[in-house]
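The values are calculated or read from the model by the stated rules, or taken from the named source; none is laboratory data. These numbers were taken from a predicted model, which means no experiment stands behind them. Because the Cβ atoms are built from the backbone with ideal geometry, glycine has one as well, and the counts that use them run over all protein chains shown.
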Amino acid sequence: MANQARSSAARRRRRRPTEGPSNPLALGLRFPFILTTSAGRQTQSRATPALVVKRLLFLTGNLGKLAEAQHYFAPLGYRVEQFLLNGKPPEVFEPQADSLRIVANAKISQARKLLAESSEEGAILVDDSGLFIDSLNGFPGVSSASVHSQIGCLGILDLMEGREERGAEFRTYAILWDGEEFVGEGICRGRIIAEERGENGFGYDPIFIPDDLGELSSEGRSSEGGSSDSGTSDMLTSGGRTFAELETAEKNAFSHRRKALEAVLNRLR
């Protein structure tokens, strides 16, 4: 009898760990988890760690850019936020230069210094973009933002009046710093039209029509809504619409900024 009692007690002790409420699998807990023992002590599991989400601080005052970056970086475990100090984007000096790369490098250097001097933590993203017009020798180029604030789209159209060559391209240079720098560049070719059209977008979008693109991706067909007026199945076209006449998803299919961010993502993977 004594042997049977001891055997029954041993079986109960062996079953107890899987029956009690402290079994993490029974509770559906994610790892690592905290267990509280019957004696009130807390211990942390040594199991496979959970996914670490990193903050990515985007130095921009453009909320459209912010939303686009959030879309692309979230799958890699980055929570993209606007880089704010005292509730607003910090001012940085943009040097007079002839390349987007130089300006972007100046921005990332200043952003890293500002981050180090603040109580904030995270990775940093900056970009610089511009419109380069063939017949104007690349003008407004690196100075696109300041030129637009002075003469707007109508001023560019005045400079283009009577010119048959209308080719142009948007360019973006992006840098992500996360202990080391990851760089991406993107270009969207197109042409300048003779008048402003459309209410969406910003900057020079109302006067720029992107070139048609071959090799329409499966993602583009399903989510971007791209189709060809000419009836071909492998062509992505704006249908002669300006960036300002396209919906956001349609514009993103051509976007120079999307291409730059995807190049950064490819280096992170």
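Conditions tested, residue by residue: (1) surrounded by 11 or more Cβ atoms within 10 Å (Cβ to Cβ); (2) assigned to a strand (DSSP E or B); (3) at pLDDT 85 or above; (4) in contact with a His (Cβ under 7 Å, 6 or more places away or on another chain).
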{"residue": "66", "(1), (2), (3), (4)": "yes, no, yes, no"}
{"residue": "71", "(1), (2), (3), (4)": "yes, no, no, no"}
{"residue": "75", "(1), (2), (3), (4)": "no, no, no, no"}
{"residue": "79", "(1), (2), (3), (4)": "yes, yes, yes, no"}
{"residue": "91", "(1), (2), (3), (4)": "no, no, yes, no"}
{"residue": "94", "(1), (2), (3), (4)": "yes, no, yes, no"}
{"residue": "97", "(1), (2), (3), (4)": "yes, no, yes, no"}
Looking at residue 113, is it part of a helix (DSSP H, G or I) and surrounded by fewer than 17 Cβ atoms within 10 Å (Cβ to Cβ)?
yes
Just to verify a result, which residue in region 64-97, among those that are farther than 18 Å from residue 111 by Cα and of a type in the set (A, V, I, L, M), is farthest from the chain's Cα centre (by Cα)?
97
For region 83-138, which positions are basic (Lys, Arg) and closer than 21 Å to residue 262 by Cβ?
101, 107
Starting from region 177-200, keep only residues that are under 30 Å from residue 57 (Cα atoms), then list their pairs with residues that are acidic (Asp, Glu) and surrounded by fewer than 17 Cβ atoms within 10 Å (Cβ to Cβ) whose Cβ atoms are within a distance under 9 Å, requiring at least 6 positions of separation or different chains.
184/262; 186/262; 188/211; 189/211; 200/247
Residues satisfying the stated conditions in region 245-269, i.e. among the β-branched types (Val, Ile, Thr) and under 13 Å from the mean Cα position of the chain (by Cα)
264
Out of region 147-191, which residues are aliphatic (A, V, I, L, M) and touching an Asp or Glu at 6+ places or on another chain (Cβ under 9 Å)?
151, 154, 157, 168, 174, 175, 187
Contact list, first residue from region 56-68 and more than 15 Å from residue 103 (Cβ to Cβ) and in contact (Cβ under 8 Å) with a residue 12 or more places away in the chain, second anywhere and surrounded by fewer than 20 Cβ atoms within 10 Å (Cβ to Cβ) and β-branched (Val, Ile, Thr), beta-carbon distance below 8 Å, six or more apart or interchain, is 64/248; 66/60
